[in-house]
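Working notes, structure below.
The values are calculated or read from the model by the stated rules, or taken from the named source; none is laboratory data. Bear in mind the structure is a predicted one, so any value in this text is a computation, not a measurement. Cβ atoms come from the backbone with ideal geometry, glycine included; neighbour counts cover every protein chain shown.
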Amino acid sequence: MKKIHIHIRVPGIRKLGADVVETIFSAVDEVRGIKRLDDGAKLYTNPLPDEAKTTDEIPPRDPAEVAADRILEGTEEKVHSAVQNIISFGTEIMQDIDAICERDPAARSRWEVLLLYSGLHALMFYRLSHALHTSGHYFAARLISQGARFLTGIEIHPGATIGRGLFIDHGSGVVIGETAIVGDNCTLYQGVTLGGTGKDVGKRHPTLGEGVLVGAGAKLLGNFTVGDHAKIAAGAVVLGEVPSNSTAVGIPARVVRRSGERVEDLDQTHIPDPVSQQFCRIGVKLEELENKLAALEEMTAPASDTKTEEIL
């Protein structure tokens, strides 16, 4: 710190005597330091301790330096967070690729899936737009979503929640709404819609559990849950809850249980038809009623003939 020098001249100070003046100067010198100047003195201050310094004594910082500090503030944390997000994104994509290779017999290699599968491309765009949507960049998120729709024919709202291992086979015409939730390892075929009814606000789209399979052209409309490992047949229109390990078929969809046994994945041909089963039950019941009616007619026929003969 720069020293401050103060010149003090006291006329007639020598009249006090050399011993008195020397004593005074020595006492003051212990505190701030004094040097004689003929009949006066040269007073200077020692450097102030850190705790005695005031903000007024600190020179103002360069505005450019202050701005640079603000920009660099938290840079390390931001870079670390960005790296973690990139690693997480890559991990999710690899899991999606593995899921497609496992469930699609037409997939010959991971490179083929990565470069040629529109369902995977739509998921990649979705994960990017979802990250932007979560951070509050809604317009940019929706812009990416619409671009992905133009390129892949698959529309996934950035606000939807999708787990890992989703397989969108072919995918043309698939629509996933804003509040839809899709669990891990689900499979959606072309033309599937996870939509709302247009009347509700808030959570208005369906929730799929783990391992759910939705056949081609199926429509799931409204806020309800499809249980784990459930199966929705092609062309079904589901408007309500579907229990776990069961199959929904028809318009509107009806649940067909399989004694708790799961339906094998990628098998949409051996699905029971509840409508035809009901017609079969009606046919059996009609046959039983016809047999009973015929038996009653046989029992009442002789009595009728006897009465007719008596009248004649």
What residue, of R204, R164, is surrounded by fewer than 20 Cβ atoms within 10 Å (Cβ to Cβ), touching a residue at least 60 places away in the same chain (Cβ under 8 Å) and closer than 24 Å to K231 by Cβ? R164
Taking the range 218-233, which residues are in a loop (DSSP other than H, G, I, E, B) and under 17 Å from F167 (Cβ atoms)? A218, D228, H229, A230
Within the set of pairs 6+ apart or on separate chains, which have a first residue in the range 84-106 that is without any contact (Cβ under 8 Å) to a residue 24 or more places away in the chain, a second that is part of a helix (DSSP H, G or I), and C-beta atoms under 8 Å apart? I97/R110; I97/V113; I97/L114; I97/L120; C101/R110; C101/V113
Only one of A248, A253, A301 is at pLDDT below 80 and of a type in the set (A, V, I, L, M, F, W, C); which? A301
Within the range 179-204, can you find the residues that are within 21 Å of A216 (Cα to Cα), under 18 Å from the mean Cα position of the chain (by Cα) and assigned to a loop (DSSP other than H, G, I, E, B)? A180, G183, D184, N185, C186
G209 of a type outside the set (A, V, I, L, M) and either touching a Lys or Arg at 6+ places or on another chain (Cβ under 7 Å) or buried (at least 17 other Cβ atoms within 10 Å of the Cβ) (or both): yes
